[in-house]
1. Binning at 5 angstrom from zero up to the longest distance, how are the C-alpha pair distances of the range 426-505 distributed in percent?
2. Could you give the length gained by full extension between residue 124 and residue 495, i.e. 0.36 nm per residue of separation minus their alpha carbon distance, to one decimal place?
3. Between the helical axis of 372-384 and the dominant principal axis of the chain, each derived from Cα atoms, what acute angle in degrees is found, rounded to the nearest 10?
4. Ratio of the range 346-443's C-alpha Rg to 2.2 N^0.38 Å, to two decimals?
5. Order 58-69, 485-496 from most to least packed using the mean count of other Cβ atoms within 10 Å.
6. Place a point 7 Å from the Cα of residue 40 along the Cα-to-Cβ direction; which residues of the range 250-273 have their backbone N under 20 Å from it?
7. Where does the Debye-calculated log10 I(q)/I(0) of the range 27-131 sit at q = 0.12, 0.19, 0.23 Å⁻¹, using only Cα point scatterers of equal weight, no solvent?
8. Quick one: helix 169-181 against the long Cα principal axis of the chain, what's the angle to the nearest 10°, folded into 0 to 90?
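A short reminder: the numbers here are calculations on the coordinates, not readings from a lab. Everything quoted here is computed from the prediction, not taken from an experiment. FYI the Cβ positions are ideal-geometry reconstructions off the backbone, even for glycines, and counts take in every protein chain you see.
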């Protein structure tokens, strides 16, 4: 009898012990934690727990992803989401622990092996409404008159590629000082652009305020202007930017007036969380809304559309007041990323011209992920593409070799040519490619690119450029004339290197 009683008590104790049902995660949670790049990761979680099974969504600034393989075991839980990049996909697995009224979550990052450790709490009704807002219908379509800016591709600097969330007022002032003193400004680089993470909260009237990193944006703009340079800023049509800061949703006209009052000269407008409100087919109207707001301020502000080349933006970018528009996803500081973006530009040349440019993303020159040869290729091809030239490195510590690449006047002249015509691919093989850009006065810039792992001879024939020989050839990196060439030109090109020539009939 005592043995039976002991067994019965043991069953009761086990039933009372912590189990997979000890914590109910159902509901909305908001989480934040420091990212490896110095910024802050903000996520929302909408959990639904059914016994040990966990479902729901992970909500980042730019997208909502369905939870798969979610499991709860006592105060421990785990789940995954699937990221899709065209034909490629990646599974991100999360783990977490219940700590009283909060959750400690280990969150993977798409671009780093180091997880971010987030602390999550129950979201307020206001936070839920801000993350999943009611849809404001976009305006009816009509053309926004051109602003007359960016008659050649904009040139300047942007903070994101090197600094990401670590940019601040002091850094921007020092970059402006450096640009004014090291030859960048003389070479044509004018814009000093602050990317994401400058935003604070909105005041009682809804006006956007800066955070502690930027104590006085008007004073910063005045300082940049005192150097003969111009200041750019960043926002987006969603409630949150890509880094989780305040976007311009529902405040477009108000934000445009604020930017004008501060003295802003350039706006990069990033789609991100707008994808949780609108469909791709709404993009034109959504970007038109800010284009009209900028125009209404009366201040000349270059308008940069950043929505990764979706919805054929090159076909309607000028109609919404855009001066440039991204044609691809983000660039990375490596040869594979740079050349993948290059291929994506094929066929887009018809949409570029004075005042409106295809944007294959910012320059990585000097960020240490590629060799000097590869950076010369990167710079050459962006100039052939008549791309905006926005340096993305730390100019304060740039080497002479890096500055020689960024400041080469003969190469920059290809990008800034008055004809304003984007170049095109002439020939392609597995190991090399030839790209050409018509120039004012009948000359052409030609890039001979070696994609192989060994040095190789790359050639172009004048007939492939619709030219008749003989033609005068000048090497724009060597600053050397190569004489009159009868039918074409050949050169030995280093691995992943380029020979950029100007061909004059």
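1. Histogram of Cα-Cα distances, whole percents per bin: 3, 17, 28, 27, 16, 7, 1, 0.
2. Length gained between residue 124 and residue 495: 127.9 nm.
3. Between the helix axis and the principal axis of the chain, the angle is about 70 degrees.
4. So the Cα radius of gyration is 1.10 times the expected 2.2 N^0.38 Å.
5. Ranked from most to least packed, the peptides come out as 58-69, 485-496.
6. 272-273
7. -0.38, -0.99, -1.44
8. 10 degrees
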